[in-house]
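To start, the structure itself, in structure tokens.
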Protein chains: 2
Amino acid sequence: MVIGFKSGKYLETMIKRAKGVTISQVADAAGVARSSVSRAFTRPDMLSPETVDRIMKVAETLGYVPNHTARALSTGRHGNIGLIVPDIANPFFPPLIQAGQLEADRSDFCIFLGNTEESPKQEDKLVGRFAGQVEGIVLVSSRLSDERIRAHAAQLPLVLINRDVDGIPRVLIDSSSGVRQAVEHLAELGHRKIVYVSGPANSWSNKQRRTAIRSAASSLKVDIETVPAVLASYTSGRNAVSAILATGATAAVAFDDLTAQGVLAGLAEKKVSVPRDFSLIGCDDVLGAVTYPALTSVSNRSVEAGRVAVSLLIEMLQSNGIRDARYVLQTHLVMRETTMALGYLAP
Amino acid sequence: MVIGFKSGKYLETMIKRAKGVTISQVADAAGVARSSVSRAFTRPDMLSPETVDRIMKVAETLGYVPNHTARALSTGRHGNIGLIVPDIANPFFPPLIQAGQLEADRSDFCIFLGNTEESPKQEDKLVGRFAGQVEGIVLVSSRLSDERIRAHAAQLPLVLINRDVDGIPRVLIDSSSGVRQAVEHLAELGHRKIVYVSGPANSWSNKQRRTAIRSAASSLKVDIETVPAVLASYTSGRNAVSAILATGATAAVAFDDLTAQGVLAGLAEKKVSVPRDFSLIGCDDVLGAVTYPALTSVSNRSVEAGRVAVSLLIEMLQSNGIRDARYVLQTHLVMRETTMALGYLAP
DNA sequence: ACTTGACATGCAACCGGTTGCATGAAAGTC
DNA sequence: GACTTTCATGCAACCGGTTGCATGTCAAGT
């Protein structure tokens, strides 16, 4: 009996200690009820300052940390939010994720990250898996159908980035404003014929950009020719160079920075000097200034998008309201070193 | 009274429905005890097949989904693992994260992502915040001191990537093999003085690479000089160029590809032609062939590292054992276009 | 026919907090 | 000095599952 008592009791104690101090232990040690300990942490104003003080001291010495899971169970809020992106390896997303996380941090929320590999099925699965453990989800560039998105939104607070579904809070990056500026800029520099190096045919952004370019060009009396790059990638940009030069254009706007970087490399290979002989503008500004010469590009606002989306979600969670917000983020041209006036002669 | 009953009851029902079906509702509907429903989901072999069947059908029609939080509270396991990286925007990490997540997915674990912005303080804070809600953590390129890491490892299962702390399971990408090849390659090309452009001072990889370079150089009778880049970034690489050229070296190995890319741009700016006048090698091979000229680099194995680390962690969690594993992943030189024999004359 | 054991199921305690309500003491009012 | 109000604190139910043990049933063993 004695042996049983000893080993059993000691083991239990040790396991407890390893597993963490509970509210009851603090309560006992401080000579108060469990509820008082709870309140000392959540609503100290309900207790006398001395009691709060004493409890806090005891908690401190015992190394008590409130159990997140238990709290979540009784309150129904666990302070986590999900963030689902199609492809984390695409340089467009990391800054967005980073900004979202920073914003979440400010309100003590943790981020669950999901990567769908561009697959709607995987996206659906992730939302389901997250559903039980997050208070809300931010879907970035969702590949789901409108119906699925609506269905999920009925289950839990949802905010979309770069997806425009009526009635669901969303943050949209409008690249057309920046693209228009790009064309205007080139026109001012004297370029009369411009190539648009297009991206994936089924991309919403590609459509948006192409449309914006055409409309800007026609109002500025600039010639536009489209050269397809098939994929949004360095390689396809590089491969498109011959076709670009064949058009006789003196400048190009590429679907995205990666494509533009490929074009830049292709031009260098063909001894066409940028910006002296040819002007080039990218989109999304994901490369910063890392190319040489530094690439002029259209800003992407992904950082703001991440920040705004998360803060919008948190706001919804805290006010319990389902605001039908629709934030549109304008873009603009970021001038660097790949554009120059036509026919400019170095001194 | 009637009004109170109606509104109260209905509201409650609606809230319940919105909040999710509970195990009790399923139990009532199926005419069994709550425990049976629980077992139908967790240990169906304990119940008769017919009972399981009936419960499952009822659960299905009611749309019952087990509450993750409640389960976590009683079992102590919530099926989440944390993944903490210093800088998600650094292209080295996304593929690693992606691979880790894929691996976690296979065992139905969810990933909590943390970004420390290279700050040990933030890293500490994140580990603390995660601690309550994850079963284990993978720390990638931790900037914490050995003591802090040990302290955290005492609290919960921990796996390290690119950090070598005794007694703590770790996955190491051994860049020294690749770095040695890089130096050998440069030596063969006739370079007698090489600069190492170093990275973050408290980075394990940086130490490892510097050591490997020194040892390779001394055995090959090559001169080594170190120029600090402070941060692993394009900008610091670019800023380091003057110092690099001042050493009189004819080739450089940079801490990582980003730094190398900065150096490349800096050299171009100063009209130093790569590879004709200067040879350059990066590390981590994160840029593929996107620079011009395409950067010769040391392979990184980050995908394997992410996969192995997560699978190791999950294995630890499931077997409850704390294996002192130490996986080392070898690297090799990836030759591209930024190296050339010294004094080579173009035909 | 009676015991034995295997098996299916239910009961109730437990995980670690939160929270509405009750209680009792101190302070304020007339 | 009796009566209300205010405030700090405790009690106990609850969140939604899991799990050790008890109970009941039915078939096999003798």
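The values are calculated or read from the model by the stated rules, or taken from the named source; none is laboratory data. The structure presented is a predicted model; accordingly, all values stated were derived computationally and were not measured. Cβ placement follows ideal geometry from the backbone for every residue including glycine, while neighbour counts extend to all protein chains displayed. The protein model used for the area step is the full one, side chains on, heavy atoms only, and it has no ligands, DNA or RNA in it. Shrake-Rupley method; radii C 1.70, N 1.55, O 1.52, S 1.80 Å.
Figures for the structure shown
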quantity: Trypsin sites (Lys or Arg not before Pro) restricted to DSSP loop in segment B:19-127 with at most 12 other C-beta within 10 Å; calculated: B:Arg77
quantity: Gyration tensor verdict on segment B:174-300 (Cα atoms; rounded if a/c is under 1.5, prolate if a/b is larger than b/c, oblate otherwise); calculated: rounded
quantity: 7 Å along Cα→Cβ, label-point gaps from B:Ser319 to other copies, nm, shortest first; calculated: 5.3
quantity: Of B:Arg192, B:Arg43, B:Arg336, the one that fluctuates the most in a GNM where chain B has Cα springs shorter than 10 Å; calculated: B:Arg43
quantity: Simple spin-label estimate for B:Glu269 and A:Arg106 in nanometres, 7 Å along Cα-Cβ; calculated: 3.2
quantity: Buried solvent-accessible surface, both chains (B, A), 1.4 Å probe, Å² to nearest 100; calculated: 3700
quantity: Spin-label proximity, B:Val65 to segment A:87-126 - amide N less than 14 Å from point 7 Å beyond Cα toward beta carbon; calculated: A:123-126
quantity: J(HN,Hα) series, segment B:89-100, from Karplus relation 6.51 cos²θ - 1.76 cosθ + 1.60, nearest Hz, glycine and proline x; calculated: 7, 6, x, 5, 7, x, x, 5, 4, 4, 5, x
quantity: Sum of -39500 (n - 2.57) over DSSP H runs of 4+, divided by residues of the protein assembly as shown (222 nm, nearest 500); calculated: -15000 deg cm²/dmol
quantity: Residue-span extension gain [A:Asp324 to A:Asp166] - 0.36 nm each, minus C-alpha spacing; calculated: 56.1 nm
quantity: Distance between segment B:113-137 and segment A:60-135 - C-alpha centres, whole angstrom; calculated: 13
quantity: Cα gyration tensor category, rounded, prolate or oblate, for the protein assembly as shown with a/c compared to 1.5; calculated: oblate
quantity: Within the accessible area of the protein assembly as shown (1.4 Å probe), percent carbon and sulfur; calculated: 54
quantity: Residue-normalised accessible area of chain A, expressed per residue, 1.4 Å probe, Å²; calculated: 47
quantity: Efficiency of FRET between B:Ala243 and B:Ala131 - r from beta-carbon atoms, R0 25 angstrom, step 0.05; calculated: 0.05
quantity: Phi-based couplings in Hz for segment B:166-181 (Karplus 6.51, -1.76, 1.60; Gly and Pro marked x); calculated: 4, x, 10, x, 8, 10, 10, 8, 8, 7, 5, 4, x, 5, 4, 4
quantity: Other-copy label distances relative to B:Ser35, 7 angstrom Cα-Cβ extension, nm; calculated: 3.0
quantity: FRET efficiency, B:Val230 to B:Ala33 (Cβ-Cβ, R0 60 Å, nearest 0.05); calculated: 0.40
quantity: Exercise: per-residue mean of other protein chain Cβ atoms within 10 Å, B:132-138; calculated: 3
quantity: Residue among A:Met56, A:Met335, A:Met316 with the largest mean-square fluctuation in a Gaussian network model of chain A, springs linking Cα atoms under 10 Å; calculated: A:Met56
quantity: Candidates B:Ala216, B:Ala70, B:Ala305: whichever shows maximal mean-square fluctuation once chain B is modelled as a Gaussian network with Cα springs under 10 Å; calculated: B:Ala70
quantity: Spin-label pair A:Asn202/B:Asp45, simplified geometry with 7 Å Cα→Cβ offset, distance in nm; calculated: 4.4
quantity: Accessible-area value, A:Thr226, 1.4 Å probe, nucleic acids and ligands omitted, Å²; calculated: 60
quantity: Degrees separating the helix B:204-220 axis from the principal Cα axis of chain B, which is the longest one; calculated: 30
